[in-house]
Amino acid sequence: MKLYNLTLIRIIIKHYMKKHCFALDLIDDCKLIEEYKIYHKNVWPEIIDSIKESGITNLEIFLVGNRTFMIMEVDDTFSFDKKKHMDDENPTVVKWETLMWKYQQALPVAKEGEKWILMEKIFQL
């Protein structure tokens, strides 16, 4: 009975929750990377609110070397266009993003002005 319930829960979660993955490089400087990590241990409350209000239900950032990997889970109210509009209209988000750009650098494949690059899923078990 428990295995059946767990399987059902996984099916429901996969159906209703969408996941997007992104990559971004940090400037390859140990001091700057440590500062970036400190900021992300103490993300401004207004940034957390903005993330949640856009329909993002979970957000995780991982780091290896100077490469970051972000997993974003969203509900059915989320859209990239809506999030961009919300961010552009929020002075605190603009200030945060400007500050974070001090630590970030675009991936070699990024187009002009792109930061986080949406990744293509190539495998799922």
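The values are calculated or read from the model by the stated rules, or taken from the named source; none is laboratory data. Keep in mind that this is a model prediction, so the values were computed, not measured. Heads up, the Cβs are rebuilt from the backbone with ideal geometry, glycines too, and the neighbour counts pull from every protein chain shown.
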In the stretch 88-103, how many are of a type in the set (D, E, K, R), under 16 Å from Tyr39 (Cα atoms) and not in a helix (DSSP H, G or I)? 1
Can you tell me which residue is surrounded by the most Cβ atoms within 10 Å (Cβ to Cβ) among those in the stretch 92-105 that are under 16 Å from Ile51 (Cβ atoms) and either touching an Asp or Glu at 6+ places or on another chain (Cβ under 8 Å) or without any contact (Cβ under 8 Å) to a residue 60 or more places away in the chain (or both)? Val93
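So that you can scan it fast, the table gives a plain yes or no per residue for (1) surrounded by 10 or more Cβ atoms within 10 Å (Cβ to Cβ); (2) touching a Phe, Trp or Tyr at 6+ places or on another chain (Cβ under 7 Å); (3) in a loop (DSSP other than H, G, I, E, B):
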{"residue": "His40", "(1), (2), (3)": "yes, no, no"}
{"residue": "Ser50", "(1), (2), (3)": "yes, no, no"}
{"residue": "Asn58", "(1), (2), (3)": "yes, no, no"}
{"residue": "Leu63", "(1), (2), (3)": "yes, no, no"}
{"residue": "Phe69", "(1), (2), (3)": "yes, yes, no"}
{"residue": "Asp81", "(1), (2), (3)": "no, no, no"}
{"residue": "Met86", "(1), (2), (3)": "yes, no, no"}
{"residue": "Leu107", "(1), (2), (3)": "yes, no, yes"}
Scanning the stretch 72-90 residue by residue, those farther than 13 Å from Asp49 by Cα and either acidic (Asp, Glu) or free of Cβ contacts under 8 Å to residues at least 40 places away in the same chain (or both) turn out to be Glu73, Asp75, Asp76, Thr77, Ser79, Phe80, Asp81, Lys82, Lys84, His85, Asp88, Glu89
Among the residues of the stretch 1-19, are any touching a strand residue (DSSP E or B) at 6+ places or on another chain (Cβ under 8 Å), closer than 24 Å to Tyr103 by Cα, surrounded by fewer than 15 Cβ atoms within 10 Å (Cβ to Cβ) and at pLDDT 90 or above? no
Unmet requirement for Tyr36, which otherwise passes all of (1) of a type in the set (Phe, Trp, Tyr); (2) over 30 Å from Leu125 (Cα atoms); (3) modelled with pLDDT under 95: (3)
